[in-house]
Amino acid sequence: MHDIKKLARLCQEHPVYIQTHNFPDPDAIASAYGLQKLLRIYGVESELCYDGRIDQLSASKLLDTCHIRMFPYENLVKDMRETDKIICVDMQKYGGNATDLTGDEIACIDHHPTFVPVEYQYQDIRITGACATLIAEYYALSGNTPDSDTATALLYGIKMDTLQFTRGVTDLDIKM
């Protein structure tokens, strides 16, 4: 079982950044945001970051509608340190679609196949239609209920990445 409390313990006493793949789509944004809000319940504050731009209109609308704050890496790089904790969400280190940020990649939550194995202190890499599905499951397993912005974002991320439940859908996507 994947334990959000274990991840929260790993994030204590250091700045935490939740990194999405470059040019994040709605699933990456929703997953990062949902994780940020869940970790906050356990006393962990974090910043959402990405490299590239927010290109998709659907991604921009999600940010606005759900009041999500994400920062481009270029706005954070001067403040980041090697001891900062990075959680990779909807991407994997060395996966080819994310910038290697300053800091220690301690965790990875992703729904894509692994091409370059990396040792993380916390890892949840399972094939599902959307990464937001995994974050939604964390809420269900932990007994926490997401607020309306978070629930909306997670559902939107799942629906967008599965093309309205028509592509790559798993039983877990449907259940969440």
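Read the figures in this text as sums done on the coordinates, not as results from a lab. Note that the structure is predicted; figures quoted are calculated from it, not measured. Counting neighbours? That spans all protein chains shown, and the Cβs are built from the backbone with ideal geometry, glycine included.
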- Item | Filtered residues of the range 10-46 (kept if among the acidic types (D, E) and either in a helix (DSSP H, G or I) or in contact with a helix residue (DSSP H, G or I) (Cβ under 7 Å, 6 or more places away or on another chain) (or both)) | D25, D27
- Query: What pairs come up if the first residue lies in the range 1-19 and is free of Cβ contacts under 8 Å to residues at least 40 places away in the same chain, the second is among the hydroxyl-bearing types (S, T, Y) and surrounded by fewer than 18 Cβ atoms within 10 Å (Cβ to Cβ), and their beta carbons are under 7 Å apart, counting only those six or more places apart or on different chains?
  - Reply: A8/Y42
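Among the residues of the range 59-67, is any in contact with a helix residue (DSSP H, G or I) (Cβ under 9 Å, 6 or more places away or on another chain) and of a type in the set (S, T, Y)?
yes
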- Note on the structure: Those residues of the range 101-115 which are surrounded by fewer than 19 Cβ atoms within 10 Å (Cβ to Cβ) and either touching a His at 6+ places or on another chain (Cβ under 6 Å) or not hydrophobic (A, V, I, L, M, F, W, C) (or both) amount to T102, D104, H112, P113, T114
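Suppose we filter K78, K61 for residues that are out of contact with any strand residue (DSSP E or B) (no Cβ under 8 Å at 6 or more places or on another chain), free of Cβ contacts under 8 Å to residues at least 40 places away in the same chain and under 15 Å from D27 (Cα atoms); which single one remains? Lay out the reasoning, then the answer.
Values: K78 fails: under 15 Å from D27 (Cα atoms).
Of K78, K61, the one residue that is out of contact with any strand residue (DSSP E or B) (no Cβ under 8 Å at 6 or more places or on another chain), free of Cβ contacts under 8 Å to residues at least 40 places away in the same chain and under 15 Å from D27 (Cα atoms) is K61.
Residues of the range 87-121 being in a loop (DSSP other than H, G, I, E, B), hydrophobic (A, V, I, L, M, F, W, C) and in contact with a Ser or Thr (Cβ under 9 Å, 6 or more places away or on another chain), which ones?
Quick first cut of the range 87-121, residues in a loop (DSSP other than H, G, I, E, B) only: 90-103, 111-121.
Pick out the ones that are also hydrophobic (A, V, I, L, M, F, W, C) and you get 91, 98, 101, 115-116, 118.
Matches in the range 87-121: M91, A98.
Name the one entry in L141, L101 that is touching a helix residue (DSSP H, G or I) at 6+ places or on another chain (Cβ under 7 Å) and within 28 Å of H67 (Cβ to Cβ).
Values: L141 fails: touching a helix residue (DSSP H, G or I) at 6+ places or on another chain (Cβ under 7 Å).
Exactly one of L141, L101 is touching a helix residue (DSSP H, G or I) at 6+ places or on another chain (Cβ under 7 Å) and within 28 Å of H67 (Cβ to Cβ), namely L101.
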- Query: Name the residues in the range 104-124 that are touching a helix residue (DSSP H, G or I) at 6+ places or on another chain (Cβ under 9 Å) and over 18 Å from I174 (Cβ atoms), would you?
  - Reply: I106, A107, I109, D110, H112, Q121, Y122, D124
